[in-house]
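No lab work stands behind these numbers, since they all come straight from the coordinates. Note that the structure is a prediction, hence the values are computed from the model and not measured. Here the Cβ positions follow ideal geometry from the backbone for every residue, glycine too, while neighbour counts run over all protein chains shown.
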Amino acid sequence: MKKAYIRTFGCQMNEHDSRQMLSLLAELGYEKTQEVTEADIIVLNTCSIRAKAEHKIYSELGRLRPLKKTNPQLIICVAGCVAQQEKQKLSKRFPLIDIILGPDQIGTLPSLVQQRLLSSSEQEHCVLCHTNLKEDGDYSFLNVLPSAGDVPVKSFVNIQKGCDNFCAYCIVPYVRGRESSRPPQDIIDEINKLTERGVKEVTLLGQNVNSYGLKEKLGISFPALLEAIARQTSLKRLRFATSHPKDVSDELIAQFAVNPILAPQFHLPLQSGSDRILKLMNRHYSQEQYLGLVAKLKKAVPHINFSTDLIVGFPSETDDDLQQTLEVMRQVGYTQTYSFVYSPRPHTTAAHLPDDVPLQEKAQRLKTLQELDREVVSQLNQKDVGTVQSVLMEECRGQEPHPYLGRTPGHKVIHFSTTKKISPGNFVDVRVTRANPHCLFGETV
């Protein structure tokens, strides 16, 4: 049987796209492999949100050269945001590439693979490049379910693509296009099909889920969609990502208190705690407004967990700006933080600003921020010791003394032991016995 190797870089949206591509390739007779040397087709699903992520792709392509030289029939596909950003320039730099595929075009992968196989048999080689971004009315969301026997206990469901916010540092609107929302019944139907196959937890994906349906006037808001999913599906646990703070409504906050399947966890990107930097970033909220949202959410659900995204070293950022970010971190108490050094991205407005924070200073600020993050997370995790958590068991790794792995409602990783017979997809009550800055440990009760 032919084998497909897919390596994913970047966000949850890319993870979802990779699973879709794997299902599409399965329809052509490919099975998944974890060994790149076994593959008949290699797909690199790429990320260009930061320069470092982009450079990883180029390094990976360099490592694939010997494989292509040994096996000229090997198909190499570069998909995702770097493909969209660079287009044909990629093939000029890396002639080993066969297919270049933008995010809006992943549905064309099977036909492109077949074209490539035909050209191989005719001893011809041309790069197949599909990177057109589709307009709102022309875009249709893929609904490719996992192959039989390859259904995880949790899944992503795409409800929206693209972004209209144009934050100063962000390349997403240029590589994923403008915002478009998926019809609500399509979303509910997909979730029902997934739960029939054993999925217990779904994360709804979009660049800004809070603005779901507003542009298309779908007649249903994002909070109403959450309510409909709880009412019209048998799903056990629901999450979503990502939210823009400027669009978080009181109706959404209320869902955390009344929706029985909505997990008490909120990914709320801050980016910076400095009002001056937030304005330069074109974020449309202040530190005070952000903290006001956090206070409302904590009042609605006192045990809610927050995660966030942070950028250090944005143009003109000072030590005082950094200190304001650190203060917000202390006040909110994030259980998970994704922090990065700023790097200019093509097409963005921030790329025209002087990148005036020295790289060494950026690195030091990131170190300072991450040290505080570890301290805060460690304190919060210690507070969970002694509590009983409803854990969705995801896998058994067989590593004693805590062979089972799952996640709490607040999205914390927990390793645990049990004398009960359990399988992936089971919910079990686990008492937390100890914690470190990375995860929790426990045993079933």
Pairs of alpha-carbon atoms within less than 8 angstrom and 6+ residues apart define the contacts here; what relative contact order does the stretch 145-378 have, in percent?
17 percent
Sort the stretch 56-96 into rounded, prolate or oblate with this rule: let a ≥ b ≥ c be the square roots of the eigenvalues of the Cα gyration tensor; rounded if a/c is under 1.5, and if a/c is not under 1.5, prolate when a/b is larger than b/c, oblate otherwise.
prolate
Binning every alpha carbon pair distance of the stretch 307-373 at 10 Å from zero, what are the percents per bin?
21, 52, 25, 3
For the stretch 2-130, what are Rg and Dmax over the alpha carbons, in angstrom?
13.2, 39
Give the peptides 270-280, 361-371 in descending order of average Cβ contacts within 10 Å, highest first.
270-280, 361-371
Length added when fully stretched, Ser417-Ser140, from 0.36 nm per residue minus Cα-Cα
95.3 nm
For the chain, give me every cysteine whose Cβ has no other Cys Cβ within less than 4.7 Å, ordered by residue number.
Cys11, Cys47, Cys77, Cys81, Cys126, Cys129, Cys163, Cys396, Cys439
How many angstrom lie between the Cα centre of the stretch 352-378 and the Cα centre of the stretch 163-180?
25 Å
quick note, the chain, DSSP beta bridge pairs, % antiparallel (nearest 5) is 30 percent
State the Cα centre-to-centre distance between the stretch 283-302 and the stretch 65-80 in whole Å.
48 Å
For Tyr169, Tyr139, what's the fewest-to-most ordering of other Cβ within 10 Å of each Cβ?
Tyr139, Tyr169
Going by average Cβ neighbours within 10 Å, how do the peptides 257-263, 16-22 rank, with the highest at the top?
16-22, 257-263
Checking rank on 106-115, 298-307, 405-414, with mean other Cβ inside 10 Å and highest first, the result is 405-414, 106-115, 298-307
Got the relative contact order for the stretch 388-444 handy, in percent, Cα pairs under 8 Å and 6 or more residues apart?
37 percent
